[in-house]
Amino acid sequence: MSKTDDLLVEIGTEELPPKALRALMDAFGENLAAGLDDARLARGDVDSYASPRRLSVIVRKLAHAQRERSVEQKGPPVKVAFDASGNPTAAATAFADKCGTSVDALDRVATDKGEWLVFNTVESGKSAADLVPGIIERALAALPVPRRMRWGSSDAEFVRPVHWIVLLHGRKVIDAPVMGITAGRESRGHRFHSSGPIPIAGPGDYLDALEKKGFVIADFERRREMVREGVEDAAEQAGGQVVDGESLYDEVAALVEWPVPIVGAFDEVFLELPREVVVSTLTAHQRYFPIADDTGKLLPHFVTVANIESKDPEQVIEGNERVIRPRLADAAFFWDNDRRKSLDARQEALRDVVYQRGLGSVFDKSQRVGRLAAWVAGQVGADAATVERAAALAKCDLVTGMVGEFPDLQGTMGRYYAISGGEPEAVADAIAEQYMPRFAGDALPESGAGQVLAVADKLDTLAGVFSIDKKPSGNRDPFGLRRAALGIVRILVERGIDIDLKAMIKRAVAEQPDGKIGAEVLCADLYGFISDRSRGYFLDRDTGLGVETFEAVMARQPASLVDFERRLAAVQTFARLDQAESLAAANKRIANILRKAGDPAGLAVTTGLLEVGAERALHGALENARKKVAPMLEQRRYAEILNELAGLRDPVDRFFDDVMVMAEDEAVRHNRLALLGELRALFLDVADISRLSIG
């Protein structure tokens, strides 16, 4: 068995993108582990680390060499390798020469297709020292980096310039080049607190050496926890608690190597601004943590995390306060200036804002969304007047100074400016809710008008972008269309909006300018795209839901997602019944029989042609079930329908035991096919249970 030691890899760089640091760290560890496995290097666990200027991985118990493996090379067939006298032919000699041996040393193996010459050998494993540098290069090349850069005279490319490489297997350096730099054992510490290179004796010393000698907490998770605890303690000392800290902890941990929380203050007059403006000014621009009291009211204080332990902390605090003051002053100016002009008066300015080439201006989009939203409101009984007014004003805050400076406040500022301009609160709320949900897990619109406007806005975006043939491909989704489609699914399902999805898509498509895609194809594409998001939504929401259950309902393409959800629940309940396995199998059998018979249409059961007791019994059971199911179907009581149909198991089983469906007499055969068609149609009123895998 090969000797093992821990492996340390550290890639030292210029400051890495903070929002991408965690993803880069995780991907580097995963890529490296996969590369080692592909190279047949035995290993233990893999731990990934990162700080603003480094990505590092420790691989536990990495083998010093690949495992030996038996290799069998196949040569020519024996009948080709030897002539009639048993002498080797040129084919046998050439194969032996290729293998570096003699014909006599070759083995033979018998197969179904005859006997073949083979050469069996044991391939020695390559050393980890030879393999690891290339594996690292490939792991780095596969990182999710949208744009790479070069530096100096090197041909190496990475997200930031690379300045040093640490590569240790046990306590020994693998002194090979990586990214154009020869690896060693010297790391680097904090830019200001550390005095020089930090030698790493071995992987087990890495974290302690950087912390004690370099003032660097290389463990991302530990550093994040230090940031969180420090910020929360500082906020408590200032008399409050952190506002929405989770949104910033990762990013701040990616900005500092030696976190030092400090408390700053700003003028109380700025608390007269809308709360969201103050929070956005602190968080989006400066990565400061706002502080609020127990009632949620903001306090004139903030916490920031410095990357240095200053001998004069007051100077650091003053510097941060000096930075935030003009930011808040700008926000106050925008707030006062924007309110001098109503949202209504800004509508014309939207004509000058291009939405997307081929789709007109933002004004054009607003008009489309307004017409679609009014139609949706009429379908679901929402207040059409409120919806239309909200749609007309929804995008007007995009041409305000505040949203120009703080794009994340679009919709939010629209609400404030609508109220300031005397608009009804229902209109203002709908404007604020139009972009919800903004991200996975975000809250949904609460008001009926807001729900309608949010769905209409997202569906218009989908229909428009699809119409100019810019739908997502691979991982690319620059317009956020997957998020928009999932938002539509969530709003319709979770808010119980029972609307015909295909009809709504058709309406949205009809509102679009003439594009590159025909309306019929466009509608089908959009329905498929949204259906894919609904599949992910339902399967993620309920881990007990099987793909086949979803597909059983999807085969029927219910008109609304609310109806779809009810059918899903019913099929899940049905699948747990004792009768489900037998009836699912019977439906599969019926589907196959009907398909082989050419899916005959227009057949009707003639009672006089029912010859066998089992088929008469099934017909009677079907008639009885149909009468009971009809009112349930109108009321969408799908679980009760399937429970009622479960009672057909015995007559269905007897039918297949006693009846030959494909009888020689054409009239009898058609009659039996019609009977099976009626049975299948009853189940298809809910779902195609032939798709279920039960048992």
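Bear in mind these aren't lab numbers, they're just calculated from the coordinates by the rules spelled out. This is a predicted model, so every value here is computed, not measured. Here Cβ is always computed from backbone atoms with ideal geometry, including for glycine, and neighbour counts include all displayed protein chains.
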- prompt: For the residue pair K126 and R150, what label-to-label distance in nm results when each label sits 7 Å from Cα along the Cα-to-beta-carbon direction?
  reply: 2.6
- prompt: Given a Förster distance of 22 angstrom, what is the FRET efficiency for V78 paired with T101, based on the Cβ-Cβ distance and rounded to 0.05?
  reply: 0.85
field: Anchor K596: lysines whose Cα lies under 21 Å away (excluding residues fewer than 8 positions away in-chain)
entry: K588
- prompt: What nm value, rounded to one decimal, do you get for the distance between K596 and A329 when each label is placed 7 Å out toward the C-beta?
  reply: 8.6
task: Could you tell me, in Å, what Rg and Dmax come out for the Cα atoms of region 344-541?
output: 15.8, 46
query: Among the lysines, which have Cα under 24 Å from the Cα of K516 when same-chain residues fewer than 8 positions away are ignored?
result: K365, K458, K470, K471, K502, K506
query: Using 20 Å as the cut-off for backbone N distance, which residues of region 3-42 belong to the label zone defined by a point 7 Å from the Cα of E68 along Cα→Cβ?
result: 3-4, 39-42
field: Chain lengthening between S473 and R340 when straightened (0.36 nm per residue, less Cα-Cα)
entry: 43.5 nm
- line: Partner aspartates and glutamates whose C-alpha sits under 14 Å from that of K98, ignoring same-chain residues fewer than 8 away, are E72
message: Over all directions, how big on average is the projection of the convex hull of the alpha-carbon atoms in region 577-691, in square nanometres?
response: 6.8
Neighbour-count order for T400, T121, T295, fewest beta carbons within 10 angstrom listed first: T295, T121, T400
task: Rounded to the nearest Å, what's the spacing between the alpha carbon centres of region 425-475 and region 1-54? Just the number, please.
output: 39
query: In the chain, which whole DSSP H runs stretch at least 18 Å along their own axis (Cα) and average 0.5 or higher on the Kyte-Doolittle scale?
result: 128-141, 448-467, 481-494
statement: So E221 and D498, fully extended at 0.36 nm per residue minus their Cα-Cα distance, gain in nm 95.3 nm
Positive-end residue of G546, A510, V256, charge dipole of the chain with Cβ unit charges: A510
task: From zero up to wherever the largest Cα-Cα distance of region 327-425 sits, split into 10 Å bins and tell me the percent of pairs in each.
output: 16, 43, 31, 9, 1
message: Over the chain, what is the relative contact order in percent, taking alpha-carbon pairs closer than 8 angstrom and at least six residues apart?
response: 7
field: Simple spin-label estimate for A141 and E348 in nanometres, 7 Å along Cα-Cβ
entry: 5.9
Protection proxy ranking, peptides 63-72, 20-29, average beta carbon neighbours within 10 Å, highest first: 20-29, 63-72
task: Enter the per residue convex hull volume of region 221-338, computed from alpha-carbon coordinates, in Å³ rounded to the nearest integer.
output: 94
Cβ-based exposure ranking for V571, V278, V118, in which fewest neighbours within 10 Å come first: V118, V278, V571
- prompt: Can you give the translational diffusion coefficient of the chain in µm²/s, computed by Stokes-Einstein from the Kirkwood radius over Cα pairs at 10 °C and 1.306 mPa s?
  reply: 50
message: Sort 465-474, 642-651, 160-169 by the packing proxy (mean of other Cβ within 10 Å over each peptide's residues), most packed first.
response: 160-169, 642-651, 465-474
